[in-house]
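Below is one structure, written out as structure tokens; comments come after it.
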Amino acid sequence: MKNSKKENPWTPEDEGSHYPIMREWWTFETIFKTLDDKKKWNLMVIMAYNLETPACFYQIALFDVSSKKCVFRKDIDDDLKNFKHKKNKLDLKYKNNTAKGKYPNYVLHFEDEEHKFKTDIKYKAETLPHWISQNITNGEIPIGLNFYKYGYIPNNKIKGTMEIDNKKYSINGKGYLEHIWGEWSYQSPFKKASDIKKTLNTYINLGKWWISQHKLKIPNKIAFTTENNIFGYDWVWGVFDNNWSLFYGNILFWLCAGPAFGYLSITPDSKTYWDFSDIDFSYNECIYVKDYDIYFPSDINIKARLNDKEIDLRFYLDTNSYEYIDPFKNDGFYKAFILSEMPGKMIGMYKDGKQKIKLEGDCKMMPLRQPSSLGHNKLEINFIKPPKGVGIDVDFNSHYLKKRIKTKIKFAPKLSFKFKSNRIDKKNFEF
């Protein structure tokens with residue numbers, strides 16, 4: 001879908017605070033180089049508040065991508081009054097950390113005395129702001145019985161300075177800015193149902209859009225896992241070497257391979273957005289979080305189609321990852337909020353009726369999961385198609401039951417049936 005709006009869809013109200021609302025945050029992602037030594041870095045900062053606790057939240061992570069390590073990370077829950085935010089413009093302050101501006105110009109200052117870190121960054125937007133599913137729901141995305149508003153600017157030119165370990169560097173690179181707000185709860189996702197009618201309409205509108213872009217077909221493979229429930233997502237932002245930018249978000253619906261119930265947006269210039277929903281995805285590699293018995297994808301393939309446009313992409317981890325884990329205080333079915341930070345690379349191919357373009361660039365992956373008491377359980381179904389025959393190959397792998405069951409049924413060219421069941425233990429756990 002090509003964005004029909006060629007002017008800025010954000011108002012000053014959209015950029016500023018919506019307090020009092022249950023939850024609101026601003027995220028700043030940057031990928032840049034220090035000019036003196038040509039090293040690559042990723043800095044992420046989130047400034048947020050929630051009225052459920054209530055509390056404010058400040059998160060900062062610095063990765064030295066060239067050295068493949070996380071330099072430092074802080075996740076701070078603090079008193080609500082320590083986070084200042086204003087309406088009708090971006091104007092945020094947490095202690096000595098600030099973010100200010102209005103499209104297309106933003107100025108950021110972040111520091112951490114413990115790690116002798118300080119940075120001053122100027123953002124200059126190179127694309128229009130955009131709402132997720134802008135022409136379908138105008139940025140409203142359902143979560144449980146509620147919804148949130150999600151806007152972002154995927155391509156910003158950044159420059160400035162960074163001080164670390166008593167050394168000062170000039171930097172330049174690319175940045176991403178997002179703003180999200182809404183009435184929902186992570187710990188009690190079904191508790192607040194006052195907006196259920198609007199949430200259902202949002203689900204319906206997104207479902208109609210999804211169906212309109214998909215042709216009825218039998219996939220080669222479809223797979224489900226318990227950790228890929230509806231309260232988690234896969235998230236990727238990146239900028240290619242040709243200056244195209246990308247945003248990918250997938251609400252999982254328990255799937256870990258097959259059709260994505262998500263959204264891919266490619267921005268080839270300052271005003272155009274190609275919004276794809278006909279997407280297939282799969283995981284090449286995963287990271288295991290032993291304490292919660294779940295897997296995060298660290299290497300993702302997607303294939304997307306939109307009219308005559310096709311894109312085939314791979315996102316993969318290029319450093320050591322970092323997992324932020326916030327255990328839930330109540331001893332319920334869902335155990336924690338777990339977000340993985342993964343600076344990475346992306347490669348692929350774009351084609352349409354006129355051209356083929358090889359794509360390569362830097363990206364940031366951030367999969368979110370809310371693990372349950374069931375741990376990891378996976379059901380994978382491979383569909384056997386002509387000329388290999390007609391049938392299904394089923395693999396059920398349950399850490400909860402400590403069982404792995406494999407079944408293969410062929411209906412053609414001749415009927416056959418195979419069944420195998422094994423007990424597994426923690427030493428043999430796998431994705």
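Rule-based calculations on the coordinates, nothing more; no lab input. Keep in mind that what you see is a predicted model, and the values were worked out from it rather than measured. Please note: Cβ atoms are built from the backbone with ideal geometry, for glycine as well, and neighbour counts cover all protein chains shown.
Of note:
- D_trans [Stokes-Einstein, Kirkwood Rh over alpha-carbon pairs] for the chain, 20 °C, 1.002 mPa s, µm² s⁻¹: 94
- Listed cross-link partners Lys33/Lys122; Lys39/Lys118; Lys38/Lys303; Lys69/Lys118; Lys68/Lys122 are compared with a 21 Å cut-off, the Cα-Cα value being larger for Lys38/Lys303; Lys68/Lys122.
- Packing rank of 90-96, 249-255, where each peptide gets the mean count of other beta carbons within 10 Å, highest leading: 249-255, 90-96
- Around the amide H of Val71, modelled in the peptide plane, lie the amide H atoms of Leu62, Phe63, Asp64, all under 5 Å away and 5 or more residues distant in sequence or on another chain.
- Ala55 long-range amide H proximity, modeled H, under 5 Å: Asn50
- Magnitude of the charge dipole for the chain, about its Cα centre and with charges confined to Cβ atoms of Lys, Arg (+1) and Asp, Glu (-1), is about 1380 debye.
- Each Cα pair under 8 Å and six or more residues apart adds its sequence gap; the mean of these over the residue count of the chain is a relative contact order of 11 percent.
- Placing unit charges on the Cβ atoms only, positive for Lys and Arg and negative for Asp and Glu, gives segment 377-428 a dipole magnitude near 200 debye about its Cα centre.
- Relative to the dominant Cα principal axis of the chain, helix 196-213 is inclined by about 70°.
- Farthest toward the positive end of the dipole of the chain, out of Tyr49, Phe224, Gly175, is the Cα of Phe224, where the dipole comes from beta carbon charges about the Cα centre.
- The magnitude of the dipole of segment 1-89, with charges of +1 and -1 set on the Cβ of Lys/Arg and Asp/Glu and taken from the Cα centre, is near 440 debye.
- Ranked list, fewest to most other Cβ atoms within 10 Å of each Cβ, for Ile158, Ile218: Ile218, Ile158
- Charge dipole (the chain, unit charges on Cβ, about Cα centre) - positive-most of Gln213, Ser321, Gly332: Gln213
- For segment 239-291, the calculated P(r), taken from all Cα-Cα distances in 5 Å bins from zero up to the bin holding the longest distance, is 4, 16, 21, 19, 17, 12, 7, 2, 1 percent.
- Amide H partners (placed H, <5 Å) of Ala336, local residues excluded: Phe328
- Rounded to whole Hz, the Karplus (6.51, -1.76, 1.60) HN-Hα couplings of segment 408-424, x for glycine and proline: 10, 10, 10, 9, 8, x, 9, 6, 8, 8, 10, 9, 8, 10, 10, 8, 10
- Here the Karplus relation 6.51 cos²θ - 1.76 cosθ + 1.60, evaluated at θ = phi - 60°, turns the backbone of segment 15-29 into coupling constants of 6, x, 6, 10, 4, x, 9, 4, 8, 8, 8, 10, 10, 10, 10 Hz, with x for every Gly and Pro.
- Using 0.36 nm per residue and subtracting the Cα-Cα separation, the extra length available between Lys74 and Val390 on full extension is 108.4 nm.
- Amide N of segment 308-336 lying under 18 Å from the label point, which is placed 7 angstrom from the Cα of Phe429 along Cα→Cβ: 323-328, 333-336
- With the highest mean first, a sort of the peptides 373-379, 388-394, 121-127 on other beta-carbon atoms found within 10 angstrom per residue produces 121-127, 373-379, 388-394.
- Pairs of Cα atoms nearer than 8 Å and 6+ residues apart set the relative contact order; for segment 86-228 it is 17 percent.
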